[in-house]
Every structure is written in C-alpha cells, then in structure tokens.
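In what follows, a structure is listed as structure tokens, so that the remarks can point back to it.
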Amino acid sequence: MHRVFPLVAAALLLTAGTAAAQNGAEPAAVPAATQTSAPPSEIADTSAITLRPGDLLRIQVWREPDLAGEFQVDVDGVVILPLIGEKRVTGIPVRRLREVLIEDYQVHLRNPSINITPLRRIHVLGSVRQAGVYPVDPTVTLADAVALAGGTVEGGDLRRIRIVRRGEVIRERVAAGETLREVDLRSGDQIYVERRPWIQRNGATLIGMGISATNLALNLIRIRRAGN
C-alpha cells in the first residue's frame, strides 16, 4: 500500500502542474477568418506619413482607371507615374503630396480627383499560414498585417511578435495592437510571429497523461485492497 501512494502523489503533482501551465497559456492560434481585416485606405489617416525608398505609392484617379496602380519608390525617392513621368515623392507628407499631384495632373485632366495611399512592403514570416511580402498601409496594426498572411497557424502566438531589420532583431514582444507607424516599420522589415512554448502547446496532452497516471494508481490501490 505504501508503495502506491508515491505514484498517486506524483500523478497529482503532474496534473496540477500541467493544469497551471495550461491556465497560464496564451491564446491559441487565431484563424484568419476571425482576425480583423485591414481598414480601407480611404478611412485611415495617412496624411502626415512620408514615403521612403522601397515603399509603394497607391494612386486612384476618379474616372481614370488607366492611371491607377501601385508604384514603387526607387532608391532616389522617385516614382514613375502615368502622364506625369518621374516624380520625387520622399520627404513630403501625404496630404501635401496629394496636392502636388493634383496640380501636376491638372495639366492633363480637368478637375482631377485623386486618392493616394502610402504602403510599406513588409515580410510577414514565422508561424503564419502564407508567409511572404505584403504591401501594408502604415496605419494598420501588426495583427492586421498577420491577417493578410492568412493568420497564424496552430501554435502561432500574437503575443510573441518580433521585428527584424537587415537581419537584426530591433524589437521583441511587440503588441499586436500597435500600428506599423507606431513601431516605425519600414519597407523590407520583417514581422516574425513566434510559436507558443512547447509546454503550453501540449498542455492538454500532459494533463491527460497525468489523469491517466492518477487513474492507474487508484486502480492499483483498489486491486491491492481487494487482494487483502
């Protein structure tokens, strides 16, 4: 009888420990369908944002679909736009850049109405469904950027996001609710989603093993009692 009690105690300790780990675990992977999608660019406030080399400039001209598109800013801060040609766009707040482009397009169009959106070209990597490079509005959150990559896979953890620039980690444990602008994310940077620790991902299995061990120990006690 005395030999059985250590088995029971060990099993109970294992169950309690793994239960605590499970209760302290962070939320499981969030399917892409349940994550917040990026807000429309026309709603987001991008007026004070400036473009950098490597960024994209998205342009929409009312009733002129042939002039719309996403145009990459080259190393000299220049984009090539339909009708206008080369245009330096870096270092100018978006609200002012829009005014400048309207003035340029007025040479070719009558009363042009233009909507522009700056985009960062960001790598979304790690525990996501569709890792790759995505053009992202700087006003959206890191969680929105992850949603563009299909959301997290099982075990992916939005509480464990790090930012990598030129192979160097510049920020760790970044809050998923922060915007790209708030963390100063730049084109070419990486949003890397890590996995939850092994014990958290396998907490349910460990609890099941602990319960099974407890039941086995209790059955042994009953058998010994019956034999006596």
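Taking segment 60-77, which residues are touching a Lys or Arg at 6+ places or on another chain (Cβ under 6 Å) and surrounded by fewer than 15 Cβ atoms within 10 Å (Cβ to Cβ)?
Hit for segment 60-77 is 70, nothing else.
Need pairs with beta-carbon distance below 6 Å; first residue under 17 Å from residue 121 (Cα atoms) and within segment 74-95, second of a type in the set (D, E, K, R); sequence gap 6+ or separate chains.
Short answer, once both residue conditions are applied: 77/88; 78/86; 78/88; 79/87.
For segment 82-101, what are the residues that are touching a helix residue (DSSP H, G or I) at 6+ places or on another chain (Cβ under 9 Å) and either under 13 Å from residue 51 (Cβ atoms) or among the acidic types (Asp, Glu) (or both)? It would help to see each step written out before you state the result.
Step one: of segment 82-101, the residues touching a helix residue (DSSP H, G or I) at 6+ places or on another chain (Cβ under 9 Å) are 82-84, 87, 89, 92.
The answer is 87, 89, 92.
Each reported figure results from applying straightforward, stated rules to the coordinates on display, with no laboratory input. As the structure is a computational prediction, the values presented were derived from the model and not from experiment. So basically every Cβ, Gly included, is an ideal-geometry build from the backbone, and we count neighbours across all protein chains shown.
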